[in-house]
Amino acid sequence: MATGKNVKRNKNLKAVFNFSHRESYHDYMGRRMREENAKEKMLDSPINTIQQLMCITMEECGELTQRCSKIMRKYETLDQIEDKQREKLLEEVGDVYCMIDLMTEHGVLDWQHIYARSSTKKDKLKVWSTLIKE
């Protein structure tokens, strides 16, 4: 026997799910295709592409920064770095490299300019760092 509470809940469910009108398979598939097309259009948007490239690159650079900081706090020399920490560093460097590669694939940057900038930075490091020895 249905209680007043159950009857009220069943009426609310009918209102929410609209059981009186059942969607046909054809209508369902048409709706799903329209939803998928709208989703693809959103993902193809140039604004969305640049936002994704920049945001994910920022996140990956942040993760690399954190990993470098953890290694710097824990170890004093390169030979002290444990294999597990090197693997984690490799993961983060690889992720940043992937994002740089994706930037070149999407035409944001090109490798020729990246290599030229890298060479410029190495010249500066020769003066201001002991990393590069001539």
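The values are calculated or read from the model by the stated rules, or taken from the named source; none is laboratory data. Since the structure is predicted, the reported quantities are computational estimates derived from the model, not experimental observations. In this analysis, Cβ positions are derived from the backbone assuming ideal geometry, glycine residues included, and neighbour counts consider all displayed protein chains.
Could you check segment 72-92 and list, in sequence order, the residues that are within 16 Å of E60 (Cα to Cα) and either of a type outside the set (A, V, I, L, M, F, W, C) or modelled with pLDDT under 95 (or both)? Residues satisfying the conditions are E87, K88, E91, E92. Given the condition loosely packed, with under 11 Cβ neighbours inside 10 Å and either touching a helix residue (DSSP H, G or I) at 6+ places or on another chain (Cβ under 9 Å) or over 29 Å from L131 (Cα atoms) (or both), answer yes or no: does some residue in segment 71-78 qualify? No, segment 71-78 contains no residue that is loosely packed, with under 11 Cβ neighbours inside 10 Å and either touching a helix residue (DSSP H, G or I) at 6+ places or on another chain (Cβ under 9 Å) or over 29 Å from L131 (Cα atoms) (or both).
The residues of segment 98-132 that are in a helix (DSSP H, G or I), more than 18 Å from E59 (Cα to Cα) and in contact with a Ser or Thr (Cβ under 8 Å, 6 or more places away or on another chain), listed by number, are W111, I114. Within segment 79-95, the only residue that satisfies the criterion of being part of a loop (DSSP other than H, G, I, E, B) and either among the β-branched types (V, I, T) or surrounded by 14 or more Cβ atoms within 10 Å (Cβ to Cβ) (or both) is I81.
Yes or no: L64 in a loop (DSSP other than H, G, I, E, B), modelled with pLDDT of 95 or more and surrounded by 11 or more Cβ atoms within 10 Å (Cβ to Cβ)? Judged against the criteria, L64 is not a match. The C-beta contact set for segment 105-134 (first residue free of Cβ contacts under 8 Å to residues at least 12 places away in the same chain, second residue part of a helix (DSSP H, G or I) and of a type outside the set (A, V, I, L, M), distance under 6 angstrom, 6+ apart or interchain) comprises D110/T104; W111/T104; I132/K122; I132/K126.
Residue-level check: of (1) surrounded by 10 or more Cβ atoms within 10 Å (Cβ to Cβ); (2) out of contact with any Leu (no Cβ under 9 Å at 6 or more places or on another chain); (3) without any contact (Cβ under 8 Å) to a residue 40 or more places away in the chain, I50 misses just (3).
Yes/no matrix, rows are residues, columns are (1) within 25 Å of I114 (Cα to Cα); (2) touching a Leu at 6+ places or on another chain (Cβ under 9 Å); (3) small (G, A, S):
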position	(1), (2), (3)
E63	yes, no, no
R67	yes, yes, no
I71	no, yes, no
I81	no, yes, no
Q85	no, no, no
E92	yes, yes, no
D95	yes, yes, no
